[in-house]
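The values are calculated or read from the model by the stated rules, or taken from the named source; none is laboratory data. Predicted, not measured: the structure shown is a model, and the values here were computed from it. Reconstructed Cβ throughout: ideal geometry from the backbone, glycine too, with neighbour counts over all protein chains shown.
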Amino acid sequence: MTGTAELVAEEISDVLIEAGHEVEVEPMDDLGADAFEGGGIFLICTSTYGQGDVPDNAMPFYEALKEEKPDLSGVRYGVYSLGDRTYLDTFNFGGKRFDEILSELGARRLGTLAMHDASAGTVPEEEGADWAMEWVAGFESVPA
C-alpha cells in the first residue's frame with residue numbers, strides 16, 4: 001500500500017537474477033488462486049496492515065486461496081514479511097497469514113519466515129537482499 005514491499009521485491013529480484021535465477025515479479029493485485037499453477041519456487045513479499053491483515057491489493061488473492069483451496073503440493077516457497085514490532089499483537093501477520101495458507105494447501109516453505117521490523121531502523125530493501133542471498137543458497141541444495 002505504501003510501495004515498500006514492491007521495493008523489497010525488486011531488490012530481492014535483482015539479487016536472485018544476479019545469482020543466475022529466472023525471476024518474474026508480479027504485484028498481487030490481479031493474482032488468483034491459479035497463480036501457482038504448474039508448481040515451482042515462489043516468494044511472497046508482503047506487508048501487514050490494519051489489524052494484522054494482508055494489504056488491500058493482496059486481499060482478493062489471499063481470499064481466493066482460502067476459498068478455492070488449490071492443491072499446492074508442487075509449490076515450494078519463501079516469505080519475506082514487513083511489519084512493525086510496535087504493533088506486537090499483529091507483528092508481521094500479513095506474511096504469517098500467507099505462510100499459513102500456503103502450508104495448509106500443501107506447499108513447502110524453504111527456509112525461515114523472514115520478518116522485517118520497521119521500528120528496528122534497518123533498511124528493508126537491504127535486509128531483504130541479504131536474506132535473499134541466504135534463502136537462495138539454502139534452496140539450491142534442496143531436491144525438487
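Answer yes if at least one residue in segment 105-120 is more than 27 Å from A64 (Cα to Cα) and aliphatic (A, V, I, L, M), and no otherwise.
At the first step, the residues of segment 105-120 found to be more than 27 Å from A64 (Cα to Cα) are 117-120.
Right, trim to aliphatic (A, V, I, L, M) and you get 118, 120.
Yes - at least one qualifying residue is present in segment 105-120.
Going by the conditions given, is L72 crowded, with 20+ Cβ neighbours inside 10 Å, more than 12 Å from the chain's Cα centre (by Cα) and of a type in the set (A, V, I, L, M)? Can you show your working first?
Values: crowded, with 20+ Cβ neighbours inside 10 Å: yes; more than 12 Å from the chain's Cα centre (by Cα): yes; of a type in the set (A, V, I, L, M): yes.
Taking the combined requirement at face value, the residue satisfies it.
Check off (1) closer than 23 Å to V123 by Cβ; (2) crowded, with 16+ Cβ neighbours inside 10 Å for D53 and give me the number that stays unchecked.
For D53, the exception is condition (1).
Out of the residues in segment 11-33 that are touching an Asp or Glu at 6+ places or on another chain (Cβ under 9 Å) and free of Cβ contacts under 8 Å to residues at least 24 places away in the same chain, state the one that is farthest from G50 (Cα to Cα).
V23
The rows are residues; the columns are (1) at pLDDT 95 or above; (2) buried (at least 16 other Cβ atoms within 10 Å of the Cβ); (3) of a type in the set (G, A, S); (4) closer than 24 Å to E125 by Cβ.
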{"site": "D34", "(1), (2), (3), (4)": "yes, no, no, no"}
{"site": "G39", "(1), (2), (3), (4)": "no, no, yes, no"}
{"site": "N57", "(1), (2), (3), (4)": "no, yes, no, yes"}
{"site": "G83", "(1), (2), (3), (4)": "no, yes, yes, yes"}
{"site": "N92", "(1), (2), (3), (4)": "no, yes, no, yes"}
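Tell me, yes or no, whether segment 16-35 has at least one residue that is in contact with a Cys (Cβ under 8 Å, 6 or more places away or on another chain) and within 22 Å of V136 (Cα to Cα). It would help to see each step written out before you state the result.
So in segment 16-35, the residues in contact with a Cys (Cβ under 8 Å, 6 or more places away or on another chain) come out as none.
Taking every residue of segment 16-35 in turn, none turns out to be in contact with a Cys (Cβ under 8 Å, 6 or more places away or on another chain) and within 22 Å of V136 (Cα to Cα).
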